[in-house]
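Student: Can you read through this structure? Questions will come right after.
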Amino acid sequence: MIDISNISKTFNLGTVNENTAIRDISLNVRKGDFITIVGSNGAGKTTLLNLITGSILPSTGTIKILGKDVTRSPEYKRAAYIGRIFQNPTLGTSGKLSLEDNMNICSKKGFKGLKISLNAKQRDLFKKELVALEMGLEDRLKDNVGLLSGGQRQALTLLMTVLSRPALLLLDEHTAALDPRNAEIVLGLTQRFIDDYKLTSMMITHNMKHAIEFGNRLLMMDRGEIILDVSGDEKRTLTVEKLVNKFHEIRQTEYVTDEALLTL
């Protein structure tokens, strides 16, 4: 599905502000994987997703998606098969347009002309799809999306994204800006849609409990590296305490190794 080989990303190369955000990462994402990604601020999580989408290009290494080398492909070309949802609920929809117009644009993959045509059949289809959110939005097709709450708007963004059937769904802390109740609702919808549509997904989260609870595979990043990659029984038996301990064990081992090298 996705093959990432030895990618690195250095910003401001050769200047006093030089910063290596991704360090020689190799990663294979299999079709049907639901990968959760944890790590502290600055660990490289969002930069990794940016490299996959093409919003930034790697300094070294290659990226293949669906068997095609996309290392230097622009973001707009990759957008045909990658769906991404951001932390800010306002980024996935147009608040100045009605709910039905937002859904119509999504269904047509963007504007085809100055006029957006809608008919009764399309409206009925949109209502049926919105029922799945269990938020009563099927009765608010004419309302501007800007009138919706953050949770409603993010749920709508999620629905619109999965209905476009992306080959890869990227979730960049998509519940972090929501209150706990709405966050749980959107997470539940996320799991249901991923299962129903059999999506390959990667989800960044700062909540280690969610990282353990959701998905079949967990990555931990730190200082631009993937320092832990667990799945199967190892992931199913993880706890937050075990995950924190693993982080300290890995970094303590690295620290001791670095100290030993200094004595050579």
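The values are calculated or read from the model by the stated rules, or taken from the named source; none is laboratory data. Bear in mind the structure is a predicted one, so any value in this text is a computation, not a measurement. Cβ sites come from the backbone with ideal geometry, for glycine too, and all protein chains shown count toward neighbours.
Student: Is there any pair with a first residue in the range 150-178 that is of a type in the set (Ser, Thr, Tyr) and a second that is in a strand (DSSP E or B) whose Cβ atoms are under 8 Å apart and which are 6 or more apart or on different chains, and what are they?
Tutor: Pairs that qualify, where the first residue is of a type in the set (Ser, Thr, Tyr) and the partner is in a strand (DSSP E or B), are Thr157/Ile85; Thr161/Gly83; Thr161/Arg84; Thr161/Ile85; Thr161/Leu169; Ser164/Gly83.
Student: Same structure, new question: Got at least one residue in the range 66-82 being among the acidic types (Asp, Glu) and touching a helix residue (DSSP H, G or I) at 6+ places or on another chain (Cβ under 8 Å)?
Tutor: Scanning the range 66-82, I find at least one residue that is among the acidic types (Asp, Glu) and touching a helix residue (DSSP H, G or I) at 6+ places or on another chain (Cβ under 8 Å), so the answer is yes.
Student: Determine, yes or no, whether Ile194 is modelled with pLDDT of 95 or more, buried (at least 16 other Cβ atoms within 10 Å of the Cβ) and touching a Phe, Trp or Tyr at 6+ places or on another chain (Cβ under 6 Å). Working first, answer last.
Tutor: Details: modelled with pLDDT of 95 or more: yes; buried (at least 16 other Cβ atoms within 10 Å of the Cβ): yes; touching a Phe, Trp or Tyr at 6+ places or on another chain (Cβ under 6 Å): yes.
In short, yes.
Student: Scan the range 4-53 for residues that are surrounded by fewer than 14 Cβ atoms within 10 Å (Cβ to Cβ) and under 24 Å from Leu187 (Cβ atoms) and jot them down.
Tutor: Listed by number, the residues that qualify are Arg30, Lys31, Gly32, Ser40, Asn41.
Student: Which one is modelled with the highest pLDDT among residues in the range 160-171 that are surrounded by fewer than 22 Cβ atoms within 10 Å (Cβ to Cβ) and over 14 Å from Tyr81 (Cβ atoms)?
Tutor: The selected residue is Met160.
Student: Still on this structure, I have one more. Kindly list the number of the only condition in (1) farther than 27 Å from Ser98 by Cβ; (2) part of a strand (DSSP E or B) that fails for Asp195.
Tutor: (2)
Student: Can you go through Ala176, Ala155, Ala167 and tell me which one is within 22 Å of Arg78 (Cβ to Cβ) and among the hydrophobic types (A, V, I, L, M, F, W, C)?
Tutor: Ala167
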